[in-house]
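Below: the structure, in structure tokens.
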Amino acid sequence: MNKNFLYLLVFALFIITISEFIGFQAIPIGSFTIGLLPLVFAILLTMFLGLKVFRKGIWKKIYSDNNIHFAGKYLIFIMLPLMARYGADVAPQIREILQIGWVFIIQELGNLGTVFLGLPIALLLGLRREAIGATLGIGREGELAYISEKYTLESKEGRGVLSIYIIGTLFGAIFFSVFAPILLDLGIRVEALAMASGVGSGSMMSAASATLVARIPEMESTILAYASASQLLTSFLGTFTMVFLAAPIQAFMYKKLVRGDNK
Amino acid sequence: MNIQLNKYVKYGLILLLSVALILFTMEIKLIKNPDSTPITSMTFVGLGVLWLFSMFGIIFSDIMQKSPVKIIRDFPILGWVSITSLILCLISDFFVQAIQAVDFLSITTPILTFAGISVANRLVDLRNTSWKVAIVAIFVFTGTYAGSALLAQIGLFLSGN
């Protein structure tokens, strides 16, 4: 196992080197500019190279079960220095943030967008009880815990939330790093986008805020401060928003929409 | 007690790996682009501070597990680290300067590298996911982000900022 771990380390250094050498790529698509950061290349490369077809010889040693388990189990600890960095970003701007504190709290309600936008689409596509799990939130640990407690993970609701969890884990960071600059091009202020970046998942927040920093480097301190303050708020208020707002609103809409459907 | 200590030694080593990878990434960034954040003695202090604050956060989170309030027990380690760091950075500006000598984007690349490796066995699970849920996922992610961004935009406008 120790020897395989060494392979993992060398592989990680290799991936970081390649990703950094590809560097920040701005890709104009029509009137939008999508910015791809080294972090996007890092996750795409590691996911692609981890495909089962490649798992032969040295690749099998890199992607050994122990190594994959290690990466998953300790990912959260590898992220901790990033979280510590956010403290230093918020501290110098704490007055400014508290002054517009109510805006931070109001935008938390925007997380209900998963229900308002996601639920009708899910029902339109013919999903029923899966839709409950799939649209309650972005399917992070909070929603997983809530759904599994209320419906169990083997239920249809449970399958819905698990699917979103998997899709979010795989593609969430990539999605936000592409979507954030699109909204920027549509005319949304970078401060608002920075606040919205606190979606409740560490890697998704990092991806969203990092792309914004790459697009507008002179606003780096504001972007990081707003994003991390909002992320902190989401980790505090997220559960309340889910239990007392998202879930009841979802139940209400579900009843209305499904009944209308059956007529 | 011994098991407890072993646990912290393990976390300490993993955090050491994490900050070492950040340093490596900064170095590579500098080779690619000499204008990026320079590596100074302050960078090393900053990495040390990040390591220390992460450790504090872990210990703090362990202590909070004894809290009778469920919300506090369930509060993620990631949050405790940010709060610990925020408080210490408010106390002394030195920490802020040290941490900001560490390039932000260089922190993110190693994390996503490990994130990618960790999901290697999950790709198979995608087969059990219907294309319908995949479409719904796009709207769910769009909904939360655009929803928050629009409310923030309106809020900032109303507050005259």
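If you go through region B:97-114 and keep only what is assigned to a helix (DSSP H, G or I) and at the interface with chain A (Cβ under 7 Å from one of its Cβ atoms), you end up with B:Ile99, B:Gln100, B:Phe104, B:Leu105, B:Ile107, B:Thr108, B:Thr109, B:Pro110, B:Ile111, B:Leu112, B:Thr113, B:Phe114. Cβ separations smaller than 6 Å between residues 6+ apart or across chains give the following pairs from region A:199-225 residues that are in contact (Cβ under 8 Å) with a residue 40 or more places away in the chain and within 8 Å of chain B (Cβ to nearest Cβ) to residues that are crowded, with 24+ Cβ neighbours inside 10 Å and charged (D, E, K, R): A:Leu224/A:Asp89.
Taking B:Phe139, is it outside the structural domain of B:Glu27 (by TED's automatic domain parsing) and more than 13 Å from the chain's Cα centre (by Cα)? It is true that B:Phe139 is outside the structural domain of B:Glu27 (by TED's automatic domain parsing) and more than 13 Å from the chain's Cα centre (by Cα).
Selection of region A:39-65 for residues being among the small types (Gly, Ala, Ser) and farther than 21 Å from A:Ser209 by Cβ yields A:Gly50, A:Gly57, A:Ser64.
Do the conditions hold for A:Phe41, that is, is it outside the structural domain of A:Ala210 (by TED's automatic domain parsing) and farther than 21 Å from A:Phe179 by Cβ? No; evaluated as a whole, the condition is false for this residue. Does region B:58-72 contain any residue that is out of contact with any strand residue (DSSP E or B) (no Cβ under 9 Å at 6 or more places or on another chain), within 7 Å of chain A (Cβ to nearest Cβ) and part of a helix (DSSP H, G or I)? Looking for residues that are out of contact with any strand residue (DSSP E or B) (no Cβ under 9 Å at 6 or more places or on another chain), within 7 Å of chain A (Cβ to nearest Cβ) and part of a helix (DSSP H, G or I), one finds at least one in region B:58-72, hence yes. Counting only residues that are surrounded by fewer than 24 Cβ atoms within 10 Å (Cβ to Cβ), assigned to a helix (DSSP H, G or I) and among the β-branched types (Val, Ile, Thr), region A:157-188 holds 5 of them.
Here's the yes/no breakdown for (1) farther than 22 Å from A:Ala84 by Cβ; (2) at the interface with another protein chain (Cβ under 10 Å from one of its Cβ atoms); (3) in a helix (DSSP H, G or I):
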{"site": "B:Val45", "(1), (2), (3)": "no, no, yes"}
{"site": "B:Val81", "(1), (2), (3)": "no, yes, yes"}
{"site": "B:Phe95", "(1), (2), (3)": "no, yes, yes"}
{"site": "B:Ile138", "(1), (2), (3)": "yes, yes, yes"}
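Quick check on my filter: what residues within region B:140-161 are part of a helix (DSSP H, G or I), surrounded by fewer than 16 Cβ atoms within 10 Å (Cβ to Cβ) and not aromatic (Phe, Trp, Tyr)? Passing the criteria: B:Ile154, B:Leu158.
Please work out if A:Ser206 is farther than 18 Å from A:Leu117 by Cα, under 20 Å from the mean Cα position of the chain (by Cα) and among the hydroxyl-bearing types (Ser, Thr, Tyr). Talk me through it step by step, then tell me what you get.
Details: farther than 18 Å from A:Leu117 by Cα: yes; under 20 Å from the mean Cα position of the chain (by Cα): yes; among the hydroxyl-bearing types (Ser, Thr, Tyr): yes.
Against the criterion (farther than 18 Å from A:Leu117 by Cα, under 20 Å from the mean Cα position of the chain (by Cα) and among the hydroxyl-bearing types (Ser, Thr, Tyr)), A:Ser206 qualifies.
The helices (runs of 4 or more DSSP H) found entirely in region A:63-153 that carry 1 or more residues being within 27 Å of B:Val19 (Cβ to Cβ) are A:65-90, A:94-99, A:141-151.
Taking the criterion of being closer than 27 Å to B:Val49 by Cβ and either facing chain B (nearest Cβ under 7 Å) or touching a residue at least 24 places away in the same chain (Cβ under 8 Å) (or both), would at least one residue in region A:54-70 satisfy it? Before you say what the answer is, go through the steps one by one.
Of all residues in region A:54-70, those closer than 27 Å to B:Val49 by Cβ come to A:70.
Keeping just the survivors that are either facing chain B (nearest Cβ under 7 Å) or touching a residue at least 24 places away in the same chain (Cβ under 8 Å) (or both) gives A:70.
Scanning region A:54-70, I find at least one residue that is closer than 27 Å to B:Val49 by Cβ and either facing chain B (nearest Cβ under 7 Å) or touching a residue at least 24 places away in the same chain (Cβ under 8 Å) (or both), so the answer is yes.
Considering every residue within region A:72-91, establish whether at least one is outside the structural domain of A:Thr222 (by TED's automatic domain parsing) and more than 30 Å from A:Ser221 (Cβ to Cβ). Looking for residues that are outside the structural domain of A:Thr222 (by TED's automatic domain parsing) and more than 30 Å from A:Ser221 (Cβ to Cβ), one finds at least one in region A:72-91, hence yes. Annotation note: of A:Gly133, A:Gly110, A:Gly118, the sole residue that is under 19 Å from A:Val243 (Cβ atoms), buried (at least 22 other Cβ atoms within 10 Å of the Cβ) and more than 7 Å from every other protein chain (Cβ to nearest Cβ) is A:Gly133.
The values are calculated or read from the model by the stated rules, or taken from the named source; none is laboratory data. Quick caveat: nothing in here was measured; it's all calculated off a predicted structure. Virtual Cβ from ideal backbone geometry, glycine too; neighbours counted across all protein chains shown.
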